[in-house]
Each structure stands twice: as structure tokens, then as C-alpha cells.
């Protein structure tokens, strides 16, 4: 029996930082590097937007009239990684948070990229979705999973904007995620 994996999108499957940086540079003539994105608040810190609400207002239509979430690209290897989890008998459950304006674009993105999810949850409270394994890059979500889902395996997708979480495993590639899921699936 396979494991039920709660997989975040932005920062894990989807290159959110690369997407907004590319769009911002093209529109405003700047040259922010993706490597400059080392904190959760980078859009506010690195751009002329002095609040995240202003950033989100821009993100609403910066994707050629659609939201930013319509035009983002998956990280290299992410789609194959998800497919390998499903091929091994695991269930992929997308657990993500989005602004309301991005919900339709997110669903369309999932279909366009043929994400092999058995369920999609767009929620603020990610820990409310029951999974055996959670994979996320956001510190607040990782801590919430640890606190509220003590029997689950929590995996930090290592990014420059996060740091180790007590009780969470670290992963930098999909083979590591598959290994964690396979070990749990055999238990």
C-alpha cells in the first residue's frame, strides 16, 4: 500500500520565485537574480512594492493578463518526480495556498501540466488535509504539520528561504521524497 503525499506547489513543484522575478524584470527593466530570493518576503524586499498586498495586486494580471500562477513553470524534474511517485503506488495530493484570484489559473495549470493528483486542496490551513507525508518549503506550514500531524512524515523542501525544522526531514530532489514515501508505504 502506498503513502498519501501532501505536496505543495509553489517552491516545491512550481518555480514561483523564478516566475515572478522573470516577469518583474521584464516589466520594470530590473535585473533581480533568482539567487537574490533568500527570504519569504523577497517580493517586498527586492522590488518597488513596499507591501505584499501591492505585490499581489501586480501578480493578479502580470501573466499576460492572467495571474502569475497561470504562467509559472515547473522546476526541472518535478513532473517526472511526481510521476515516479504515482508509478510506485503512492497518491499525490496537491495541498497549496493561493489568493482567490489565482484559483482558476492554478486548476488550469495543473491540467495543462498533467499533474497526477488524486486530490487538489487550495486551502489556508494545509494541516487540515490528512496525509501520511507532507512536502513543503514554507516554515510556518512545516511547523504546523509537525505540531498538528505528529504521526505524519514532514519533509522540508530545502530552499534558501527556509531552515531546518525539528522533527522534519530534508529533501532536495524527488528521489529523496520517493525514498521517504516507499519506506512509509512498506511499514
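Can you tell me which of (1) surrounded by 16 or more Cβ atoms within 10 Å (Cβ to Cβ); (2) within 19 Å of residue 106 (Cα to Cα); (3) free of Cβ contacts under 8 Å to residues at least 40 places away in the same chain is the one residue 76 doesn't meet?
Among (1) surrounded by 16 or more Cβ atoms within 10 Å (Cβ to Cβ); (2) within 19 Å of residue 106 (Cα to Cα); (3) free of Cβ contacts under 8 Å to residues at least 40 places away in the same chain, the lone unmet condition for residue 76 is (1).
Can you name every residue in the stretch 42-64 that is free of Cβ contacts under 8 Å to residues at least 60 places away in the same chain, surrounded by 12 or more Cβ atoms within 10 Å (Cβ to Cβ) and farther than 19 Å from residue 105 by Cα?
43, 44, 45, 46, 47, 49, 52, 54
Condition first: in a helix (DSSP H, G or I), surrounded by 13 or more Cβ atoms within 10 Å (Cβ to Cβ) and in contact with a helix residue (DSSP H, G or I) (Cβ under 6 Å, 6 or more places away or on another chain). Now tell me which residues in the stretch 115-152 satisfy that.
Scanning the stretch 115-152 gives 126, 127, 141, 144, 145.
Tell me which residues, restricted to the stretch 131-144, are touching a residue at least 60 places away in the same chain (Cβ under 8 Å) and more than 15 Å from residue 9 (Cα to Cα).
Those that are touching a residue at least 60 places away in the same chain (Cβ under 8 Å) and more than 15 Å from residue 9 (Cα to Cα): 131, 132.
Taking the stretch 1-18 on its own, how many of its residues are in contact with a helix residue (DSSP H, G or I) (Cβ under 6 Å, 6 or more places away or on another chain) and part of a helix (DSSP H, G or I)?
2
Out of (1) touching a helix residue (DSSP H, G or I) at 6+ places or on another chain (Cβ under 8 Å); (2) closer than 19 Å to residue 171 by Cα; (3) outside the structural domain of residue 162 (by TED's automatic domain parsing), what's the single condition that is false for residue 43?
Among (1) touching a helix residue (DSSP H, G or I) at 6+ places or on another chain (Cβ under 8 Å); (2) closer than 19 Å to residue 171 by Cα; (3) outside the structural domain of residue 162 (by TED's automatic domain parsing), the lone unmet condition for residue 43 is (2).
Report whether or not residue 35 is farther than 22 Å from residue 128 by Cα, modelled with pLDDT under 95 and outside the structural domain of residue 126 (by TED's automatic domain parsing).
Judged against the criteria, residue 35 is not a match.
Conditions: (1) within 20 Å of residue 15 (Cβ to Cβ); (2) touching a strand residue (DSSP E or B) at 6+ places or on another chain (Cβ under 6 Å). Residue 154 meets all but one. Number of the miss?
Result: residue 154 fails condition (1) only.
Which residues, taken from the stretch 85-102, are part of a helix (DSSP H, G or I) and surrounded by 15 or more Cβ atoms within 10 Å (Cβ to Cβ)?
Once the filter is applied, which keeps residues that are part of a helix (DSSP H, G or I) and surrounded by 15 or more Cβ atoms within 10 Å (Cβ to Cβ), the stretch 85-102 yields 85, 86, 101, 102.
Of these, 104, 148, which one is outside the structural domain of residue 37 (by TED's automatic domain parsing), more than 17 Å from residue 12 (Cα to Cα) and touching a residue at least 12 places away in the same chain (Cβ under 8 Å)?
Of 104, 148, the one residue that is outside the structural domain of residue 37 (by TED's automatic domain parsing), more than 17 Å from residue 12 (Cα to Cα) and touching a residue at least 12 places away in the same chain (Cβ under 8 Å) is 148.
For the stretch 153-169, give me each residue that is under 15 Å from the mean Cα position of the chain (by Cα) and part of a strand (DSSP E or B).
Across the stretch 153-169, the qualifying residues are 154, 155, 156, 157.
When you look at residue 157, is it in contact (Cβ under 8 Å) with a residue 40 or more places away in the chain, buried (at least 18 other Cβ atoms within 10 Å of the Cβ) and under 30 Å from residue 45 (Cβ atoms), yes or no?
Yes, satisfied.
Report yes if some residue within the stretch 51-60 is part of a loop (DSSP other than H, G, I, E, B), more than 15 Å from residue 174 (Cα to Cα) and not assigned by TED's automatic domain parsing to the domain that holds residue 173; otherwise report no.
There is at least one residue in the stretch 51-60 that is part of a loop (DSSP other than H, G, I, E, B), more than 15 Å from residue 174 (Cα to Cα) and not assigned by TED's automatic domain parsing to the domain that holds residue 173.
The values are calculated or read from the model by the stated rules, or taken from the named source; none is laboratory data. Bear in mind that the values here come from a model prediction, so they are computed numbers and not experimental data. As a convention, Cβ positions derive from the backbone with ideal geometry for all residues, glycine included, and neighbour counts pool all protein chains shown.
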